[in-house]
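Heads up: the structure comes next, in structure tokens.
The values are calculated or read from the model by the stated rules, or taken from the named source; none is laboratory data. Because the structure is predicted, anything quoted here is derived from the model rather than measured. Neighbour counts are summed over all protein chains in view; Cβ atoms, including those assigned to glycine, are modelled from backbone coordinates with ideal geometry.
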Amino acid sequence: MKAMTTQIQIAPSILSADFCNLERDLKAIANADLVHVDVMDHHFVPNLTLGEPIVKRICEVTDLPVDVHLMIEDPDRWAPEFAKCGAYSVTFHMGAVHAPVRLARQLHDMGVKACFAVRPAEPVEPIFDILDEFDMILIMTVEPGFGGQKFLDNQMAKVRRLRDEITRRGLGTKIQVDGGVSPKTAHIVAEAGADVLVAGSAVYGAEDPAQAIDDIRDKAAAAFRA
Ligand code: DX5
Ligand code: ZN
């Protein structure tokens, strides 16, 4: 089945932005499709970033939909709190969530999109039976916790299997990839079937973040396979 005009979306991660100039750095990515906010709790991952008050202000300040990536323990408890901050989508991890279907339905009831994430060593197949509960599946292309790591191309087989399953069932589920995405790797993830690309250091480390976004989007759009 041929996918109809699949739109590649670029979600810059503010993990690589200047936290003392967040408003300025949010304006610098106005041509993005989403803004990706990494919430880390120093337990599920070794790093610690930010919590609800900052997510709430980001949602108030930006015109972009806010994509909250929770790398925290007990998302069953906390994901709805982040949804209340004004998030567009909330992502929780397979390795942390207890009741993913219940949580996805709770987020939907709040008008927020639900996304399920898998780390590099986690398989995607266990999600297949509950795939239609989610708006997006996140395939991590680095071990979560830090920006600026090297892209793991060994995750592309997983992206392909997920894309095949989505296509076979005619679902609209999006496939997000996160970690090491840049103008150099965008074609690899898009060719495997990813359509939402998170990029932190490749956007905020660039001289012109807006140009980097367009560059990643163009390279991905040219390579995307449905
Ligand atoms: C890593 C985070 C990513 C990170 C990506 O755990 O989830 O969103 O910011 O950064 P880059 O694009 O630099 O790999
Ligand atoms: Zn992330």
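Results for (1) more than 14 Å from ligand 2 (Cβ to nearest atom); (2) closer than 18 Å to A117 by Cβ; (3) modelled with pLDDT of 95 or more; (4) crowded, with 17+ Cβ neighbours inside 10 Å, shown as yes or no for each residue.
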{"site": "E23", "(1), (2), (3), (4)": "yes, no, yes, no"}
{"site": "P46", "(1), (2), (3), (4)": "yes, yes, yes, no"}
{"site": "V55", "(1), (2), (3), (4)": "no, yes, yes, yes"}
{"site": "P65", "(1), (2), (3), (4)": "yes, yes, yes, yes"}
{"site": "D76", "(1), (2), (3), (4)": "yes, yes, yes, no"}
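State all residues of the stretch 187-206 that are within 15 Å of ligand 1 (Cβ to nearest atom), assigned to a helix (DSSP H, G or I) and without any contact (Cβ under 8 Å) to a residue 60 or more places away in the chain; if no residue qualifies, say none. I188, V189, A202 - these are the residues of the stretch 187-206 that are within 15 Å of ligand 1 (Cβ to nearest atom), assigned to a helix (DSSP H, G or I) and without any contact (Cβ under 8 Å) to a residue 60 or more places away in the chain. Based on this model, can you work out whether D63 counts as of a type in the set (D, E) and touching a residue at least 40 places away in the same chain (Cβ under 8 Å)? Against the criterion (of a type in the set (D, E) and touching a residue at least 40 places away in the same chain (Cβ under 8 Å)), D63 does not qualify. Can you go through F92, F134 and tell me which one is within 14 Å of ligand 2 (Cβ to nearest atom) and touching a Pro at 6+ places or on another chain (Cβ under 9 Å)? Matching residue, one of F92, F134: F92. Candidates in the stretch 189-208 are the residues that are surrounded by fewer than 22 Cβ atoms within 10 Å (Cβ to Cβ) and more than 16 Å from ligand 2 (Cβ to nearest atom); of these, the one that is nearest to A17 (Cα to Cα) is A206. Could you tell me whether I137 is closer than 25 Å to S16 by Cα, touching a strand residue (DSSP E or B) at 6+ places or on another chain (Cβ under 8 Å) and more than 14 Å from ligand 1 (Cβ to nearest atom)? Yes: the conditions hold for I137. Return yes when K113 is more than 14 Å from ligand 2 (Cβ to nearest atom), buried (at least 19 other Cβ atoms within 10 Å of the Cβ) and of a type in the set (K, R) and no when it is not. So K113 passes the test. Checking each residue in the stretch 172-186 for being part of a loop (DSSP other than H, G, I, E, B) and either without any contact (Cβ under 8 Å) to a residue 24 or more places away in the chain or not hydroxyl-bearing (S, T, Y) (or both) picks out G172, G179, G180, V181, P183, K184. Residue count for the stretch 21-40 under the criterion of being farther than 12 Å from C85 by Cβ and within 12 Å of ligand 1 (Cβ to nearest atom): the result is 5.
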